[in-house]
Structure formats: C-alpha cells, structure tokens
1. Please work out if ALA233 is touching a Phe, Trp or Tyr at 6+ places or on another chain (Cβ under 8 Å) and surrounded by 18 or more Cβ atoms within 10 Å (Cβ to Cβ).
2. Report, by residue number, each residue of the stretch 55-74 that is part of a helix (DSSP H, G or I), over 21 Å from the mean Cα position of the chain (by Cα) and surrounded by 14 or more Cβ atoms within 10 Å (Cβ to Cβ).
3. Taking only the stretch 277-306 into account, find how many residues are surrounded by 13 or more Cβ atoms within 10 Å (Cβ to Cβ), modelled with pLDDT of 95 or more and of a type in the set (Asp, Glu).
4. Please specify each residue of the stretch 251-284 satisfying the condition of being touching a helix residue (DSSP H, G or I) at 6+ places or on another chain (Cβ under 8 Å), part of a loop (DSSP other than H, G, I, E, B) and not hydrophobic (A, V, I, L, M, F, W, C).
5. Quickly run through the stretch 127-161 and pick out the residues that are in a loop (DSSP other than H, G, I, E, B), farther than 26 Å from THR175 by Cβ and in contact with a helix residue (DSSP H, G or I) (Cβ under 9 Å, 6 or more places away or on another chain).
6. For the condition surrounded by 20 or more Cβ atoms within 10 Å (Cβ to Cβ), touching a Gly at 6+ places or on another chain (Cβ under 6 Å), of a type in the set (A, V, I, L, M, F, W, C) and touching a residue at least 12 places away in the same chain (Cβ under 8 Å), what is the one hit in LEU78, LEU93?
7. Going by what's in this entry, would ASP121 be described as buried (at least 18 other Cβ atoms within 10 Å of the Cβ), over 19 Å from ILE30 (Cα atoms), at pLDDT 95 or above and acidic (Asp, Glu)?
8. Taking SER187 as the residue in question, decide whether it is modelled with pLDDT under 95, of a type in the set (Gly, Ala, Ser) and buried (at least 18 other Cβ atoms within 10 Å of the Cβ).
Amino acid sequence: MLQKSLLSILYIRRKTFLKKVIVTGANGFIGSELLKELIREGIQVIAVVRCENSSITRIKDLPNVSIVYCDMGDIHNLPEIIEDRNIDACFHLAWLGSFGDERGDYEMQMRNVTYALHTIDAISKMGIKRFIGAGTLAEKDVLNYHAEDGAIPNSVSFYGIAKLTAHFMTKTECTRLGIDHIWCYLSNTFAAGSTTNNFVMMASRLMLSGKRASFTAGEQIYDFMYVTDTARALQFAAKYGNKNTAYYLGSNKERKLKEYIKIIRDMIDPDIKLYLGDIPFNGKPLPPEAYDGQKLMHDTGFKPSIDFEEGIKWTIEWLRKTEFNDIQEMGEQ
C-alpha cells in the first residue's frame, strides 16, 4: 500500500513537468489526436506544420495551440521562428513517406534521419531538455530479419531502416547535448477518421467493398491500438518515461492476426468468406515479446482504455457512413 502511494505521489509530481511543448507533424492523424490529449491535460502546444498549404482542419480550432509553419528541410531555423524559450519538451512525429511506395524511397527516408537530427540541434538551442521520438514496429522487423543470411528484404523496409537509424542517431545526439531521449515504438494505430491504409483500414475497406477477402494465413502475432490510446501513451511516456529509454506503445492484448481479421469480418458481415492463406507471408514474424507493453505500464502507469472490438466498431461505422454509403444504399434497394 505504501509503495503504491509513493508511486502515485511520484506521478503527481511529474505531472507538473509539461507546461508547454512543441509537436512536429502536428496536423497528421496521430499528431492531431496528440494535440487534443495534451490540451486536455492543460498543456500549451506549439504545433509545427510543414507549410501554409498543409491541411490544418483537424487542429485549427483547438484551444491553447499555436500553429507555426516550417518545412522539415528548414527545421534548423526553428529557434528563429519560435520566440518562446520556456518549452519543456518536443514530440517529433513529422516523417515523410510513412505509407505506400514512398517507404521504399531511400533518399526521402534518409532525409528524414537528417531532419530528426536537425530537430534535436534546434531544440537544444532553445533550451528544451526532453525529446520524444515516434518510432515504429518496422524497426523491430529490421532487427529481426535483415541480418540473417539469405534474407530477401523488400524496398519498403527502407522506412524501418531509416526509423531505426533515426532512433539510434537521435539518442546519440541527445546524449551529446544533454537532452532526455524517449523513443516510442508505435503500434498499428487505427481509428474512425483515419485516411491511412494500414492493415485494419485496408482489411475493413476490402470486406466492406465486397471484394474477395484474401489474406495471409494470419498465424503471426499482431497488435492494434486505437488512436486516442496511442496519443495518451505518448503523453504518459513524455511525462513519466525514463530518459534514454524506448517504449512499445501497445494494447497488451496482442493476438494472432487471423483473430483480428475474423473480428473485423464479424463486425461487417459474419457471412463473408475469408480466404486465409491466399497471400503468401514473406518475412519472419516478430516474437510475442516484441509486443510487450509492460515496461510502459510499469514506468508510467499507462493503461489502454479502448478494446479492439470497441474501436473497430466505431471505425467500421465511420467507413460505412463516409466511404461506403452508396454501396449500402444499393444493397437496401
């Protein structure tokens, strides 16, 4: 009981740590949700957006958010663009080519590494002492597979390699400059309103469209987390996480991919026939421990609040209303 009380006090004391932060990539899918989470906690946010032509629909009306425009290629100019010097932390979410074929553009991916390092150099000049970087499970895929003799990685793994490089190089640069470094391996994040085409969104759209539901056998372990939980986890890691530590942000309810596929199918139409094994699985699945979020829970007290079943229900309802309304109406005629 005493130990639990002491931990609670520690969390309360640390909770006063963040009063003002910078968020790069603030207008993105995860970034915009992070902004909402931060302002709910009474934290003032300086949102860094690429350019004035970038969409700010998700964040333009949020209170306690100041929007500044700075291309990542000019991120070294941030100390001149932002006059504030009482900033506690920087969340670095900006990354070019996170989806689709651009993940295989090695020049773009390597530029991202440079931009991440320039971000750290910039915040160092501003006196910011805490850096939270957005990583990916693709880093673990690289470490798990690429070094093996006979491995045949595809070009989209340039994305994971670049993230891994950014992880280690930003940690080194932060150490040199006396900045706390926290790296967050983001789980597969989904939500109603997502315009990405990650697995959950792709599988949902595929089955809603009535096309053949072809997948791998789905025996590999996977994990998915709703975007509001991802945003909360980032905030918890920033406030309570140990410096120079990497955390996996996940649901702690990982399961075989085919189980997620069946849940999605049952939410849409239990009569949809699944063709598990239609698509060959190339690569090496991550071990279950790669999805272990116990370290984050132990160090920060974070617990996910939205089960996959609840989140996918909202997501499918949103997809039906926004993307598949015509198909639904045709079926009702």
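The values are calculated or read from the model by the stated rules, or taken from the named source; none is laboratory data. All figures in this text were calculated on a predicted structure; none of them were measured in a lab. Reconstructed Cβ throughout: ideal geometry from the backbone, glycine too, with neighbour counts over all protein chains shown.
1. Criteria met by ALA233.
2. ASP74
3. Total meeting the criteria: 1.
4. SER251, ASN252, LYS253, GLU254, ASP269, GLY283, LYS284
5. Scanning the stretch 127-161 gives ALA151, PRO153, ASN154, SER155, VAL156.
6. LEU93
7. Considered against the rule, which asks whether it is buried (at least 18 other Cβ atoms within 10 Å of the Cβ), over 19 Å from ILE30 (Cα atoms), at pLDDT 95 or above and acidic (Asp, Glu), ASP121 comes out as no.
8. Answer is yes for this residue.
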